[in-house]
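Remarks on the structure that follows.
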Amino acid sequence: MRKRTIPWLIVSAILAVGVSPNLSLAMHIADGILPVPWVGLWFLIALPFLAWGLHDLRVRSHQAPHFKALVGLTGAAVFVLSCMPIPVPVAGTCSHMCGTGLASILIGPTITVVIASVGLVFQALFLAHGGLTTLGANIVSMGVVGAFAGYGVFRLALLVRLPLFVATLLAGIFSDWATYATTSFELATGLAADSSPKMLFTAILLAFVPTQLPLGLLEGLISAMAYRFVRARRPELLAALQKGNAP
């Protein structure tokens, strides 16, 4: 009986993601999707990281006044990348790149949480992309998990002496995939009701595999090329970041 249930869960998840006009907009969770207790929980998880990022931004801006300009440029890149939905043929929905992996390498993961939060607010208010009540959940998936996953992979890759291009490539890939895995987890735990959250998580995740796997690879390649470009054209920026405890 359990084996027969799995295909139906997958079909239901695909239909839920594809039919809902709010949920289908590039996979930022929209208002009204998550139950109120889960909305509050994700806000509570996101707030300490946001406070940490604001503190780091103040400290590093005091150390290097031009740092805010780089943060603004990085924030604009994250905003644009996460506003470019790509259709998912089998699910009838959209996926998009995030940009938080590259951002975490350039300005650090904590400040990346801040710029991701600002971008998510503007997208919710002016583009009907995501939602205000689900802002906490979206910050956790794209800002917190995306940033720290990308930064962690980058540092680990450098630790094992992989080339810088490969380290940045891996950071972009795993940041993207971690973001979507977390969003799937948030949806599964919030919508599971009487069904199994684990099975629903698998079903939702599978609905995005056809585009998110190659899209993650594309984001990794873009991240690596962008970092190489900055390193070649403006190495002094990266040197300034290293003084501020960023790679």
Which residues, counting only those in region 30-70, are at pLDDT 90 or above and either among the aromatic types (Phe, Trp, Tyr) or touching a Leu at 6+ places or on another chain (Cβ under 7 Å) (or both)? Trp38, Trp42, Phe43, Phe49, Trp52
Only one of Val19, Val113, Val78 is hydrophobic (A, V, I, L, M, F, W, C), at pLDDT below 85 and touching a Gly at 6+ places or on another chain (Cβ under 8 Å), namely Val19
Please verify whether Ser141 is closer than 22 Å to Leu169 by Cβ and either among the hydroxyl-bearing types (Ser, Thr, Tyr) or modelled with pLDDT of 95 or more (or both), treating the condition exactly as stated. yes
Near pairs, Cβ below 7 angstrom, 6+ apart or cross-chain, from region 224-237 (more than 19 Å from His66 (Cβ to Cβ)) to any residue that is small (Gly, Ala, Ser) and in a helix (DSSP H, G or I): Ala224/Gly172
Tell me which residues, restricted to region 140-166, are among the β-branched types (Val, Ile, Thr) and either under 24 Å from Thr183 (Cβ atoms) or in contact with an Asp or Glu (Cβ under 7 Å, 6 or more places away or on another chain) (or both). Val140, Val144, Val145, Val153
Output the residue which, of all residues in region 82-98 that are crowded, with 18+ Cβ neighbours inside 10 Å and over 15 Å from Leu217 (Cβ atoms), is modelled with the lowest pLDDT. Ala91
Taking interchain pairs and intrachain pairs at least six residues apart, which have beta carbon atoms under 6 angstrom, with the first residue in region 67-93 and in a loop (DSSP other than H, G, I, E, B) and the second modelled with pLDDT of 85 or more? Ser82/Cys98
Suppose the filter is surrounded by fewer than 19 Cβ atoms within 10 Å (Cβ to Cβ), farther than 28 Å from Leu221 by Cβ and of a type in the set (D, E, K, R); does Arg58 pass it? yes
Filter region 130-184 down to residues that are without any contact (Cβ under 8 Å) to a residue 60 or more places away in the chain and touching a Leu at 6+ places or on another chain (Cβ under 7 Å) and give me whichever is nearest to Pro37 (Cα to Cα). Ser184
Counting only helices (runs of 4 or more DSSP H) entirely within region 94-206, those with at least 2 residues that are within 21 Å of Pro48 (Cα to Cα), in contact with a helix residue (DSSP H, G or I) (Cβ under 8 Å, 6 or more places away or on another chain) and among the polar types (S, T, N, Q) are 100-107, 109-126, 164-191
May I ask you to list the residues in region 27-49 that are touching a helix residue (DSSP H, G or I) at 6+ places or on another chain (Cβ under 6 Å), buried (at least 18 other Cβ atoms within 10 Å of the Cβ) and in a helix (DSSP H, G or I)? Trp38, Trp42, Ala46, Phe49
With respect to Ala232, is the statement that it is under 20 Å from Pro109 (Cα atoms) and either among the basic types (Lys, Arg) or out of contact with any Cys (no Cβ under 9 Å at 6 or more places or on another chain) (or both) true? no
Residue check: is Ser195 of a type in the set (Gly, Ala, Ser), surrounded by fewer than 21 Cβ atoms within 10 Å (Cβ to Cβ) and out of contact with any Leu (no Cβ under 6 Å at 6 or more places or on another chain)? yes
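The values are calculated or read from the model by the stated rules, or taken from the named source; none is laboratory data. Remember, it's a predicted structure, so these values are computed and weren't measured experimentally. We place every Cβ from the backbone using ideal geometry, glycine too, and count neighbours over all the protein chains shown.
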